[in-house]
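Working notes, structure below.
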Amino acid sequence: MVDSILKASSLEKSYGTLKVLKGIDLQVNAKEILSIVGASGAGKSTLLHILGTLDLADRGDMSIDGTSISKLSAQQLATFRNQKIGFVFQFHNLLPEFSALENVCLPGFIGGKPEKEVRNRASDLLKMLGLGERFDHKPSELSGGEQQRVAVARSLINDPAIIFADEPSGNLDSKNAEDLHQLFFTLREEFDKTFVIVTHNHDLAEMSDRKVEIVDGIIASS
């Protein structure tokens, strides 16, 4: 029997009079790489933000790693997100004043983990991702591909149950995009990670274990 890491049922979301999600049912299995595809405006990013607990649905239920999200207070949800969820965004979201190593460490420090432990893990992750010579470089001193690998390392620092990626290769050239896509599969094998990825990249969608298409706020195919 396959374990589900995420279960969502009947998710709805509106912004004013615009109904963006119209009843989403989705299950994500442990160690699965799932792609969410669809036209611009179909609701992909809205769904990802709700699945990642960055936004709340108007209706519906969701659990991640056995925890019911709706039962958590705002503070409990923030702690849960820090411990259980990793994020990779299209534009990296690295803090420009901090080094690569410091950017990777941040979620660990926010989570109250011992500084030495966090720094050691961040160092190991950056080395594994080919950035062993870039610890002290600030984002402006890194290429786009290097910045995205720093963001991937940051998403892994707290050993999350699931990682959400929003157009992770959308700002990269084809070579760096291909390298990033392969990296997700390597991390799945190395760390038993689960990925949910919103993408317009056809190659990444086809590589994934499963592809879910959103059309006009509902799942049209899976």
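Overview of values
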quantity: Subset of the stretch 62-78 that is assigned to a helix (DSSP H, G or I) and without any contact (Cβ under 8 Å) to a residue 24 or more places away in the chain - its residue that is least open to solvent (accessible area, probe 1.4 Å); calculated: ILE69
quantity: Qualifying residue in the stretch 156-163 (condition: in a loop (DSSP other than H, G, I, E, B) and β-branched (Val, Ile, Thr)); calculated: yes
quantity: Residue, farthest from ILE85 (Cα to Cα), within the stretch 189-204, restricted to residues that are surrounded by 19 or more Cβ atoms within 10 Å (Cβ to Cβ) and at pLDDT 85 or above; calculated: THR199
quantity: Filter pass, GLU213 being part of a helix (DSSP H, G or I) and open to solvent by 10 Å² or more (accessible area, probe 1.4 Å); calculated: no
quantity: Checking ASN82 against (1) in contact with a strand residue (DSSP E or B) (Cβ under 7 Å, 6 or more places away or on another chain); (2) surrounded by 15 or more Cβ atoms within 10 Å (Cβ to Cβ), the condition it does not meet; calculated: (1)
quantity: Matching residues in the stretch 1-38 - criterion: being part of a loop (DSSP other than H, G, I, E, B), open to solvent by less than 70 Å² (accessible area, probe 1.4 Å) and of a type in the set (A, V, I, L, M, F, W, C); calculated: ALA30
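Yes/no per residue for (1) modelled with pLDDT of 90 or more; (2) open to solvent by 20 Å² or more (accessible area, probe 1.4 Å); (3) assigned to a strand (DSSP E or B):
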{"position": "LEU94", "(1), (2), (3)": "yes, yes, no"}
{"position": "VAL104", "(1), (2), (3)": "yes, no, no"}
{"position": "GLU117", "(1), (2), (3)": "yes, yes, no"}
{"position": "LYS127", "(1), (2), (3)": "yes, yes, no"}
{"position": "GLU133", "(1), (2), (3)": "yes, yes, no"}
{"position": "HIS137", "(1), (2), (3)": "yes, yes, no"}
{"position": "LEU180", "(1), (2), (3)": "no, no, no"}
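The values are calculated or read from the model by the stated rules, or taken from the named source; none is laboratory data. These numbers come from a predicted model, not from an experiment. Cβ: placed from backbone, ideal geometry, glycine included. Neighbour counts: every protein chain shown. These area figures cover heavy atoms from the full protein model, side chains too; ligands, DNA and RNA do not enter into them. Shrake-Rupley method; radii C 1.70, N 1.55, O 1.52, S 1.80 Å.
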